[in-house]
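The values are calculated or read from the model by the stated rules, or taken from the named source; none is laboratory data. In this text, all values refer to a predicted model and were calculated from it rather than measured experimentally. All Cβ positions, glycine included, derive from the backbone under ideal geometry; neighbour counts span all protein chains shown. The protein model used for the area step is the full one, side chains on, heavy atoms only, and it has no ligands, DNA or RNA in it. Shrake-Rupley method; radii C 1.70, N 1.55, O 1.52, S 1.80 Å.
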Amino acid sequence: PEDTVTSSFASFIHAARPEHLSQTVRQRSKRMILDSIGVGLVGSTTRVFDIALRYCRELYSSMAVSSVYGKPGVKLSPTLAAFTNGVATHSMDFDDTWHPATHPSGAVLPALLAASQMLPPNTKPNGLDFLLAFNVGLEVQGRLMHFSTEAHDIPKRFHPPSVVGTLGSAAATAKLLSLSSAQCCHALGIAASLAGAPMANAATQAKPLHVGNATRLGLEAALLAGRGMEANPLILDDIPGCSGFSAFYSVYQPKPLSAPGEHHEFLLEKQDIAFKRFPAHLGMHWVVDAALSVRNLFINYAGSFSPSLIHTIRLKIPVSKYINRPFPSSEHQARHSFQFNTCAALLDGEVGLGSFSESSIHRQELRELLDKVVVEHPEDNVANFDKMYGEVALLLHSGDVLTGKCDTFYGHWRKPLSKESLLKKFRSNASHVLPEEKIEAIITLVDNLENLSDSSQL
């Protein structure tokens, strides 16, 4: 039937055109692309990335045409390049975050980069086609998340990129490959059968696989649909007694997606993205900014930061079990610990790449600060990236109390990174694996993406 939710999504994917992207959407999405590449490049220096790359190189070698972040001369098959680059992007939890909560770029961009290199020379998509496909992938993810009130809160069951990201990747690559409306519909259906990963693997090396699989399996879904594979054409609809995409959410109320054009406004137009200033779960950015604020008060009070003067560190955070970790023992646990990030910011005056090294995590002075942390969960502090706050209070032995609070950190969609800050982050990340001239060349390519004749150059 033509009037179903699923068919409306398929029609949207098929009918979207470059002229449907406003200047705001183009600029915001190019910022996302640049940041995601930088995050992927620095992510290519991690152990979990090395494991994933070694696995792919040892077991699969056919059709090695697609590039791998940070590894000049290394090529893999398109789906495995997408997988490996997706793992790199999320290996440090340094990638962008949207609301409702997901990591949109990492689930889409690696698939598009791999697919661009896969296509024959005379059918390479240009930069504008690439940018459109990227935005189609974002739009599908955002619309799917808005179908459930459950998705608005910090997740408890499924890791969102493994769910909506897989369908976003399928939609984006279906668009890039110019699939028919019917094939786009089947791509979404196939992707739904490949989606989903549990939150229990957060704060482990398995979590980056969620993004790697999302971008890889979405690409595979589009390739299979393009070769004639079919799936349920009502996969996004709410059919009583037979779960489709609704299987991932306890409350699911889908709505048709309007056709692209003057009456359709992309979600990225309405709400910007959150870019992280340091490599950790997004929730950590509230408590770090609060901790840095109270640290400045402490230095003004005592002349320097002296942990011995602190009796208790009172931390007010929302209830979210997987990021409430009093004594993390690994880098991935530390990236998902309100307590660790608060204490690291207090002790060092910053949180950065080095904060999550083994030596930093197991410092005695940091452990002594962690011993002083008491967690509170105020009723008004909800587990929602649009509404939560972080508060850090230092209760001193003198009886004095110093307090820092953050409602909106720098980098949040309500307080976006400046162009200068975004470029500084990209240059810093990319410098771990690329020389300066190549870093500047990427910046120029992304900035002029609409004018690029062959997107595989990216």
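Structure notes:
- Matching residues in segment 293-326 - criterion: being among the polar types (S, T, N, Q), more than 25 Å from the chain's Cα centre (by Cα) and outside any helix (DSSP H, G or I): Ser304, Ser306, Thr312
- Counted residues, segment 1-20 - those being open to solvent by less than 50 Å² (accessible area, probe 1.4 Å) and not in a helix (DSSP H, G or I): 2
- Any chance Glu450 is open to solvent by 60 Å² or more (accessible area, probe 1.4 Å), part of a helix (DSSP H, G or I) and not hydroxyl-bearing (Ser, Thr, Tyr): no
- Residue check, Glu391 assigned to a loop (DSSP other than H, G, I, E, B), open to solvent by 10 Å² or more (accessible area, probe 1.4 Å), charged (D, E, K, R) and under 29 Å from Ala151 (Cα atoms): no
- Among the residues of segment 180-215, the ones that are assigned to a helix (DSSP H, G or I), open to solvent by 50 Å² or more (accessible area, probe 1.4 Å) and closer than 17 Å to Ala107 by Cβ come to 3 in all.
- Test: residue in segment 216-235 that is under 30 Å from Gln333 (Cβ atoms), open to solvent by 10 Å² or more (accessible area, probe 1.4 Å) and at pLDDT 95 or above: yes
- Only one of the numbered conditions (1) of a type in the set (A, V, I, L, M, F, W, C); (2) in contact (Cβ under 8 Å) with a residue 60 or more places away in the chain; (3) within 18 Å of Phe338 (Cβ to Cβ) is not met by Phe426, and that is (3).
- Some residue of segment 320-339 being of a type in the set (A, V, I, L, M) and closer than 26 Å to Thr102 by Cβ: yes
- Qualifying residue in segment 76-93 (condition: surrounded by fewer than 24 Cβ atoms within 10 Å (Cβ to Cβ) and within 28 Å of Val351 (Cβ to Cβ)): no
- Verdict on Val164 being in a helix (DSSP H, G or I), in contact with a strand residue (DSSP E or B) (Cβ under 9 Å, 6 or more places away or on another chain) and open to solvent by less than 10 Å² (accessible area, probe 1.4 Å): yes
- Hits in segment 50-68 (condition: modelled with pLDDT of 90 or more, crowded, with 23+ Cβ neighbours inside 10 Å and hydrophobic (A, V, I, L, M, F, W, C)): Val68
- When segment 165-191 is filtered for residues that are closer than 13 Å to Ala115 by Cα and hydroxyl-bearing (Ser, Thr, Tyr), the ones remaining, listed by number, are Ser169, Thr173, Ser178.
- Of the residues screened, Ser329 is one that is open to solvent by 40 Å² or more (accessible area, probe 1.4 Å), small (Gly, Ala, Ser) and not in a helix (DSSP H, G or I).
- Residue within segment 147-156 that is buried (at least 22 other Cβ atoms within 10 Å of the Cβ), of a type in the set (S, T, N, Q) and assigned to a helix (DSSP H, G or I) present: no
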